[in-house]
Every structure is written in C-alpha cells, then in structure tokens.
Amino acid sequence: MSRGVAGIGMTSQRTRARMIERLREKGIRDERVLAAIAAVPRHVFVEEALASRAYEDTALPLGFSQTISQPFIVARMIEVLREGRELGKTLEVGAGCGYQAAVLAQLTDEVYAVERIEPLLARAKQNMRTIQEFKVRLKYADGQLGLPEAAPFDTIIVAAAANRVPPSLLQQLALGGRMLLPLGTGEQYLLLIERRPEGLVETRLDAVRFVPLLSGLE
C-alpha cells in the first residue's frame, strides 16, 4: 500500500468528501469534474509532511518554488474547458507533481503533460505509478513551446502565469479547441481562448494567483 494511503486511510475518504462539498458550495456544477477530483487521492501528490492538509482548498508548496494548485482552481479551469463539450486530446503545461494531469485523465483518454523541472517530472511519474494512472503521457520539456510532435490539441490548460500568450501554444490549438491560461505579472486573470472558424475568441475570467511560466529546462 502506498505511503499516503497507508498513512491516512479512511480519514482521507471523509476529508475528500468534505472537499467536494466545499467545491459545490463555491459554485462548481459539473458533476463529472467533481467526480474526477473525488477519484484522485490528493494526499499522494503533496509532501508527506503536508498530507494532513491535502484536502484543504488551498495551494500547497512542492519545492522548486512551485505549488500544487488549489482544488477549486483545478475544478474551475476544467469546468470552463469542458462546458458544452468533451476535453478530447489535452495538453497540460506545467505538470508539477502530476495532480491536475491525474484529474484530467479521469475525463479523457488522451492527456499529455509537460514539465520543465526534471525532479518534479520524476515525482509526477512516481505519483502516477502509485495511483496506477498510466494514461498520462509525461514529458520533460519547455512548456512555452508546447508539444508540437503531439499537436494539435483540443484542449490546452496552463498551470503557470504567462506575460503573454505563448505563440507556440496558439499554433497547437485545434480548430474548435479551447485553451485556458493565467495571464499577467502583478494582477493575474484566467484567459479563455477558443479557436473558431472565424478566428480566435478571447474571454477574460476570474482573478487568480499562479507561479510564473518560465522558459528553458531545469
């Protein structure tokens, strides 16, 4: 049995259920998104010392100046991307510990996730083995460049804040596709981009706080 499952057991089931109720109270309505989040044991993805806080609705540190996203933000972003459609082939930029990719894998069979920090990518791969999630394709790569060899993507979700929309990601968005990313340096907000037959359509959404989207590899 994994360290997280062994250490927390039934307590995690109860705290996970409370987390889902909090997400409902905060306005998440997509029951498939809620079920996907409920299916992923978040305590496996956080530092062992923070496992008791895994089901709080808050971001938690991962090291390397990175965080595991707040469950509400994960739910909110995926709900926006799913509205009225299926996710299809999905690219996550900024895999971190793998948590959001594992949630996405509950909703689509084609998930690609890139991470620029090699030790975090190794942790994500181990976490996927721990929960026996083998659908996610993880790659060590500069997220600003996307994953051209697997493009185009129906859905692109970015887990770090960009100063501007990365052109490579726009190029890899399929017709009919949606991309959601945090944008800005001081004040940040979620930007939804849809590629429609008539061109790109942008919609500004919620104020957020993410770590910056950096280029290069570590």
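Out of the residues in region 43-81 that are at pLDDT below 95, in a helix (DSSP H, G or I) and not hydrophobic (A, V, I, L, M, F, W, C), which is surrounded by the fewest Cβ atoms within 10 Å (Cβ to Cβ)?
Ranking the qualifying residues of region 43-81, first place goes to Glu48.
All but one of (1) β-branched (Val, Ile, Thr); (2) outside any loop (DSSP other than H, G, I, E, B); (3) touching a residue at least 12 places away in the same chain (Cβ under 8 Å) hold for Val201; state the number of the condition that does not hold.
Of everything listed in (1) β-branched (Val, Ile, Thr); (2) outside any loop (DSSP other than H, G, I, E, B); (3) touching a residue at least 12 places away in the same chain (Cβ under 8 Å), Val201 misses just condition (3).
Residues are listed down the side, and each one gets a yes or a no for (1) within 14 Å of the chain's Cα centre (by Cα); (2) more than 19 Å from Ala38 (Cα to Cα):
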| position | (1), (2) |
| --- | --- |
| Glu79 | yes, no |
| Leu91 | yes, yes |
| Ala101 | yes, no |
| Val114 | yes, yes |
| Ala122 | no, yes |
| Tyr140 | no, yes |
| Leu145 | no, yes |
| Val158 | yes, yes |
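Take the residues of region 187-208 that are touching a helix residue (DSSP H, G or I) at 6+ places or on another chain (Cβ under 8 Å) and within 20 Å of Phe72 (Cα to Cα): which is surrounded by the most Cβ atoms within 10 Å (Cβ to Cβ)?
Taking the candidates together, the pick is Leu190.
Which of (1) free of Cβ contacts under 8 Å to residues at least 60 places away in the same chain; (2) closer than 18 Å to Gln106 by Cβ; (3) not in a loop (DSSP other than H, G, I, E, B) does Ile28 not meet, given it meets every other one?
Result: Ile28 passes all but (3).
What strands (runs of 3 or more DSSP E) lie completely within region 93-193 and have 3 or more residues being out of contact with any His (no Cβ under 6 Å at 6 or more places or on another chain) and without any contact (Cβ under 8 Å) to a residue 60 or more places away in the chain?
Correct list: 111-115, 136-140, 173-183.
Which residues, counting only those in region 79-106, are more than 16 Å from Gly176 (Cα to Cα) and aliphatic (A, V, I, L, M)?
Val93, Ala95, Ala101, Ala102, Val103, Leu104, Ala105 - these are the residues of region 79-106 that are more than 16 Å from Gly176 (Cα to Cα) and aliphatic (A, V, I, L, M).
When residues of region 100-141 are filtered for being closer than 16 Å to Gln66 by Cα, of a type in the set (S, T, N, Q) and surrounded by fewer than 18 Cβ atoms within 10 Å (Cβ to Cβ), how many remain?
The total comes to 0.
Just to be sure, is Gly184 within 21 Å of Leu104 (Cβ to Cβ), surrounded by fewer than 20 Cβ atoms within 10 Å (Cβ to Cβ) and over 15 Å from the mean Cα position of the chain (by Cα)?
Values: within 21 Å of Leu104 (Cβ to Cβ): no; surrounded by fewer than 20 Cβ atoms within 10 Å (Cβ to Cβ): yes; over 15 Å from the mean Cα position of the chain (by Cα): yes.
Spelling it out, it is not the case that Gly184 is within 21 Å of Leu104 (Cβ to Cβ), surrounded by fewer than 20 Cβ atoms within 10 Å (Cβ to Cβ) and over 15 Å from the mean Cα position of the chain (by Cα).
The values are calculated or read from the model by the stated rules, or taken from the named source; none is laboratory data. Treat the numbers as computed from the prediction; the structure is a model and nothing was measured. Note that each Cβ is placed from the backbone with ideal geometry, even for glycine, and that neighbours are counted across all protein chains shown.
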